[in-house]
Amino acid sequence: MTKQVLVIDDDDGIREIVKLSLEAVADWQVLMAASGQAGIVIAQAQQPDLILLDVMMPGEDGVAIFNQLQANPTTQAIPTILLTAKARPSERQELLATGVNGVIVKPFKPRDLVQQIKQLLAW
């Protein structure tokens with residue numbers, strides 16, 4: 001079955017790279033949102049199999065958006081992986097403590113992204 005992944009990131013380039021990687025390597029369907037609030041709306045309507053969520057965005061950051069997704073019964077069961085440029089182990093641990101399913105550090109190799117997601121979610 002084809003997976004559907006929602007990418008929430010304010011960076012157009014990152015969204016495109018993730019989209020191309022997931023479509024080319026795994027043949028997954030990719031939905032995209034340029035802001036957290038737009039992502040919440042799409043998540044509620046589409047119920048994706050996974051949300052890839054940028055940590056550092058203008059306005060509300062990824063952790064705030066994740067907390068809103070968790071507070072909503074229609075989106076709280078959707079696995080969420082954070083994308084972050086914060087590479088220090090202590091920073092990753094803080095992000096994992098929020099309850100997300102995983103953290104992927106940017107920059108990542110596009111061809112390795114699918115494998116990282118599969119490992120984090122045991123797909």
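The values are calculated or read from the model by the stated rules, or taken from the named source; none is laboratory data. Keep in mind it's a predicted model, so treat the numbers as computed, not measured. Heads up, the Cβs are rebuilt from the backbone with ideal geometry, glycines too, and the neighbour counts pull from every protein chain shown.
Would you be able to say whether some residue in segment 40-50 is surrounded by 17 or more Cβ atoms within 10 Å (Cβ to Cβ), within 14 Å of the chain's Cα centre (by Cα) and in contact (Cβ under 8 Å) with a residue 60 or more places away in the chain?
yes
Table: residues versus (1) in contact with a helix residue (DSSP H, G or I) (Cβ under 8 Å, 6 or more places away or on another chain); (2) of a type in the set (Lys, Arg); (3) in a helix (DSSP H, G or I).
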position: VAL7; (1), (2), (3): yes, no, no
position: ILE14; (1), (2), (3): no, no, yes
position: ILE17; (1), (2), (3): yes, no, yes
position: ALA24; (1), (2), (3): no, no, yes
position: ILE51; (1), (2), (3): yes, no, no
position: GLY59; (1), (2), (3): yes, no, no
position: ILE65; (1), (2), (3): yes, no, yes
position: THR75; (1), (2), (3): yes, no, no
position: ILE78; (1), (2), (3): yes, no, no
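Give me the pairs: first residue in segment 72-84 and modelled with pLDDT under 95, second residue assigned to a loop (DSSP other than H, G, I, E, B), beta-carbon distance under 6 Å, and six or more apart or on different chains, which are they?
THR84/VAL55
Restricting to segment 98-120, name every residue that is farther than 7 Å from ILE81 by Cβ, touching a residue at least 40 places away in the same chain (Cβ under 8 Å) and either in contact with a Phe, Trp or Tyr (Cβ under 8 Å, 6 or more places away or on another chain) or surrounded by 14 or more Cβ atoms within 10 Å (Cβ to Cβ) (or both).
Within segment 98-120, LYS106, PRO110, LEU113, VAL114 qualify.
Take THR84 and tell me if it is in contact with a strand residue (DSSP E or B) (Cβ under 7 Å, 6 or more places away or on another chain), crowded, with 21+ Cβ neighbours inside 10 Å, under 15 Å from VAL103 (Cα atoms) and of a type in the set (Val, Ile, Thr).
Working: in contact with a strand residue (DSSP E or B) (Cβ under 7 Å, 6 or more places away or on another chain): yes; crowded, with 21+ Cβ neighbours inside 10 Å: no; under 15 Å from VAL103 (Cα atoms): yes; of a type in the set (Val, Ile, Thr): yes.
No, not satisfied.
What is the one condition in (1) part of a helix (DSSP H, G or I); (2) under 17 Å from ASP11 (Cβ atoms); (3) in contact with a Ser or Thr (Cβ under 7 Å, 6 or more places away or on another chain); (4) not hydroxyl-bearing (Ser, Thr, Tyr) that GLN37 does not satisfy?
Tallying (1) part of a helix (DSSP H, G or I); (2) under 17 Å from ASP11 (Cβ atoms); (3) in contact with a Ser or Thr (Cβ under 7 Å, 6 or more places away or on another chain); (4) not hydroxyl-bearing (Ser, Thr, Tyr), GLN37 fails exactly one: (3).
Scan segment 2-32 residue by residue and report those that are surrounded by fewer than 19 Cβ atoms within 10 Å (Cβ to Cβ) and more than 19 Å from GLY62 (Cβ to Cβ).
THR2, LYS3, GLN4, LEU20, GLU23, ALA24, VAL25, ALA26, ASP27, GLN29 - these are the residues of segment 2-32 that are surrounded by fewer than 19 Cβ atoms within 10 Å (Cβ to Cβ) and more than 19 Å from GLY62 (Cβ to Cβ).
Which one of these does GLN93 not meet: (1) in a loop (DSSP other than H, G, I, E, B); (2) over 28 Å from MET1 (Cβ atoms)?
All conditions pass for GLN93, except number (1).
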